[in-house]
1. Of the numbered conditions (1) open to solvent by less than 40 Å² (accessible area, probe 1.4 Å); (2) within 14 Å of residue 14 (Cα to Cα), residue 101 fails exactly one; give the number of that condition.
2. Can you pull out every residue in segment 197-207 that is surrounded by 15 or more Cβ atoms within 10 Å (Cβ to Cβ) and over 14 Å from residue 38 (Cα atoms)?
3. Could you check how many residues of segment 49-79 are aliphatic (A, V, I, L, M) and open to solvent by 90 Å² or more (accessible area, probe 1.4 Å)?
4. Any residue in segment 149-165 that's of a type in the set (Asp, Glu): show its pairings with residues that are modelled with pLDDT under 95 and assigned to a loop (DSSP other than H, G, I, E, B) at Cβ separation under 8 Å, as long as the two are six or more apart or on different chains.
5. Just to check your reading of the model, which residue among 176, 156 is over 11 Å from the mean Cα position of the chain (by Cα) and assigned to a helix (DSSP H, G or I)?
6. For segment 54-149, give me every one of the strands (runs of 3 or more DSSP E) that falls completely inside it and has 1 or more residues that are modelled with pLDDT of 95 or more.
7. Every residue in segment 177-196 that is open to solvent by less than 20 Å² (accessible area, probe 1.4 Å) and of a type outside the set (Ser, Thr, Tyr), please.
8. In contact (Cβ under 8 Å) with a residue 12 or more places away in the chain, under 28 Å from residue 197 (Cβ atoms) and in a loop (DSSP other than H, G, I, E, B): is that true of residue 168 in this structure?
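The values are calculated or read from the model by the stated rules, or taken from the named source; none is laboratory data. Just so you know, these numbers come straight off a predicted model, no measurement behind them. We place every Cβ from the backbone using ideal geometry, glycine too, and count neighbours over all the protein chains shown. Just the protein is used for accessible areas: all its heavy atoms, side chains included, with ligands, DNA and RNA removed. Shrake-Rupley method; radii C 1.70, N 1.55, O 1.52, S 1.80 Å.
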Amino acid sequence: MTDGPLSLPARLCLLAWDSACPPAADAGRLAGLVRAGALTELAQRGLLIDDDGIATPVDLDARAGDAVLDGLLELVHESCPHSWRTWVTLRARVTLDAVREQLVAGGYLRAEKKRVLGVFPSVDHALERGTAVEALREETRRILRGPSPVAKTSWRDAALVALAAAADLLPEQDVRAHERRVEELTERAGAMAPGLRRIVREVLGAVAAEPGAPARA
């Protein structure tokens, strides 16, 4: 997959970038999608487990080695217990802001300072590496369409396609034409450990329930 070192939430953030519709216009939905990616990756790495429907750190000292993922682990640890669906939206902007900082540091985004009403400081983000994002988008579509077997698809790539489909980030005609493959990729994303399928389904359900924009053309 293009830009392999990027985490799942970082990839989702870039995949959602649409120059025709500034992300700031739908920051709440984008934050939920990015948080869903972070929860999924932490669960796939075995750092968050399901305890009777509650997202629970497996080890208080465990770390992912990624600032965004470790920040979410710390937040979950310090907060009251919550379900997976709750965590998709609860304080999700914290994770989105961390991902944006990470992407700025990596040269994918550019931070542009401004003042709201001429007084309050704020930051807009602009796409810096459009070719990398387009390559990511094309590779995601290729995974959706095949012909590579689902069994040979990595867990992260499978989760990326499943979440992107749930969030309407992929062409609607492609998703409809490959509904069975989307289902198989969803299963693949949750096949690494016992209980992971349930976690993936819960997170996907929360993403799909969010009102969103039309699918990408």
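1. Unmet for residue 101, out of (1) open to solvent by less than 40 Å² (accessible area, probe 1.4 Å); (2) within 14 Å of residue 14 (Cα to Cα): (1).
2. Hits for segment 197-207 are 197, 201.
3. Matching residues across segment 49-79 total 1.
4. 157/1
5. When all the criteria are applied, what remains is 176.
6. Answer list for segment 54-149: 54-57.
7. Passing the criteria: 185, 189, 190, 196.
8. yes
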